[in-house]
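Okay, structure first, notes after.
FYI, it's all coordinate maths here, none of it is from the lab. Because the structure is predicted, anything quoted here is derived from the model rather than measured. Cβ atoms come from the backbone with ideal geometry, glycine included; neighbour counts cover every protein chain shown.
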Amino acid sequence: MTTVLTTTQRTRALLLLIVSILFYKAVEVFASRAAFLLAGSAWFDVVYESLRLVLLLAGFSLLVRLQLQPVERISPLGWARTGETRLQIGMGTAVGWGIAVAVVSAIVLAGGLQIFFDFSAASWGAFFLALLMTGLGAAVRQTIFAGFPFQKLTDAVGPWLATIATACFVGFTQTQDLQAGRIAIVTVILLQVLFCIAALRTGSLWLGWALDVAVRLSLGAVFGLPVAGSGKYTSVILSNSRAPDWLSGGAYGPAGSLLAPLAVLVGIYVVVRVTRVDVIANIRPGGIALDLQPQHAPSFPAADPVPVKPAGGSLVQIVPVSAPPAGSGQDPGDTSSS
């Protein structure tokens, strides 16, 4: 049975959502200035994402403790490790890799890729920094757009409306990128829908985090293509697409390809099929609480009484005997010897 929230609980959730958004904006400003003072250009992104993640988790942890009568739909911060965490990470990696391969395969078939390699020490160093930046950045995005603020929005307006509102907001932020066309914005919106569904259906952020990391690293580090208009992931492998822009995504990368939204829709279908929890069902920390008691006690036929062995005696098997010959004078029911 789905949890029904009172008006007071919905109002409290909305207030916590506003506080979390204001806190997030303050963290962005502080982390940007602190990273500029603490790190050089090479380490700026890693330090910036690290500060954002640490501060957000600390602040949201405080909000979780301060809220009264919390409504637990997913784990408070979404990063609790459970017995299914490895499975969720593996699932997200597989689905993210599949989305990337599907789009890039069409680009290769349509025009091919011109690939360049750079195995210098500087390129490998930039590659490992890109790995750190990708993992930390994905964790920040999941914490903000599928974590505590998303939980409070879900409590206030319900999971479906919260998912649509969050996805549209993330898509709106992409309109500020001049390289992002309409198709790219649609792709970003659908990806956010995928992340929200992953959080709702698993009760954690690990599946969405693995999806985010897998898509970015597959497109950038493995195939050497731009990711959301950025070339930070293409230090060792760099590719130039020969396919038309409507298929390759142009300078924005495969996320702007006409096939990208279709690939993400398939990813949404796969995630919905392989996860156990219904989006609108009772979502609890770490997954669904299972009730193993049957609603009605099953009826079974009465068992035959078990014969009791007499104490102190041996078990004697009685077998039928043939009737004695006529004239013997023996009672047919008497089995004793004459």
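Quick one: net charge around Ala184, please, counting Lys, Arg +1 and Asp, Glu -1 for every other residue with C-beta under 13 Å from its C-beta. Don't skip to the answer; put the middle values down first.
Working: positive: Arg182; negative: Asp177, Asp245.
Taking every other residue near Ala184 into account, the sum is -1.
Here Arg141, Arg86 are placed in order of increasing Cβ neighbour count within 10 Å, fewest first, which gives Arg86, Arg141.
Give me the one-decimal Kirkwood hydrodynamic radius in Å for segment 19-139, with the sum taken over alpha-carbon pairs.
Kirkwood radius, segment 19-139: 18.0 Å.
Binning the C-alpha pair distances of segment 7-274 at 10 Å intervals from 0 yields a P(r) profile of 7, 28, 35, 22, 6, 1, 0 %, listed from the shortest bin outward. Packing here is the average count of other Cβ atoms within 10 Å per residue, and on that basis the peptides 42-50, 191-199, highest first, run 191-199, 42-50. Note that segment 69-164, at 4 °C in a medium of 1.567 mPa s, gets a Stokes-Einstein diffusion coefficient of 76 µm²/s from its Kirkwood radius over C-alpha pairs. Each other residue within a Cβ distance under 10 Å of Leu132 adds +1 if Lys or Arg and -1 if Asp or Glu, for a net charge of -2.
Using the 10 angstrom Cβ neighbour count as an exposure proxy, how do Leu153, Leu217, Leu131 rank, fewest first?
Working: Leu153 25, Leu217 22, Leu131 15.
Ascending Cβ contact count within 10 Å gives the list Leu131, Leu217, Leu153.
When Lys152, Lys25 are ordered from fewest to most other Cβ atoms inside 10 Å of their Cβ, what list results?
Numbers: Lys152 28, Lys25 9.
Least crowded to most crowded, the residues run Lys25, Lys152.
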